[in-house]
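Let me begin by presenting the structure, written as structure tokens, before commenting on it.
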Amino acid sequence: MASKKEILGKIRILITQKFEDPQEAFNFFDKNGDGYLSKAELIELVKSAKVNRFLSKVVAKTIITGLDKDDNQKLNWKEFSKAVKVLLTEK
Ligand SMILES: [Ca+2]
Ligand SMILES: [Ca+2]
């Protein structure tokens, strides 16, 4: 079972190595272009970070629960960028 730290590490690698900046990652995973990352879109993000299929659902749910400040079950750019900033500065 992967630890939270490992999973966050994988997501960090995805965002820093595959994309120029977090905005590009956000736009890429916002597949329907509505300006929000839905749970389904976040699952794709987590899967792309090479987290296994089963865990990715749990992780996506945890991410939304933890970061969804306005409680609409999806992440806007502000919520996402704040989280990424923390993720990228965390050692
Ligand atoms: Ca979307
Ligand atoms: Ca939200």
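What follows draws every value from the coordinates through simple rules; no lab data is involved. If you're wondering where the values come from, they're calculated on a predicted model, not measured in any experiment.
Calculated mean residue ellipticity, 222 nm, the chain: -21000 deg cm²/dmol, from DSSP H runs (n ≥ 4) at -39500 (n - 2.57) each, averaged per residue and rounded to 500.
For Lys61, the lysines whose Cα comes closer than 17 Å to its Cα, not counting residues fewer than 8 places off in the same chain, are Lys4, Lys5, Lys10, Lys39, Lys47, Lys50, Lys69, Lys74. The ellipsoid that matches the Cα gyration tensor of the chain has semi-axes, each √(5λ) in whole angstrom, of 18, 15, 13, with the longest given first. Assuming 0.36 nm per residue, please report the length gained on full extension of the stretch Leu55 to Glu20 beyond their Cα-Cα distance. Here the segment from Leu55 to Glu20 would lengthen by 10.0 nm.
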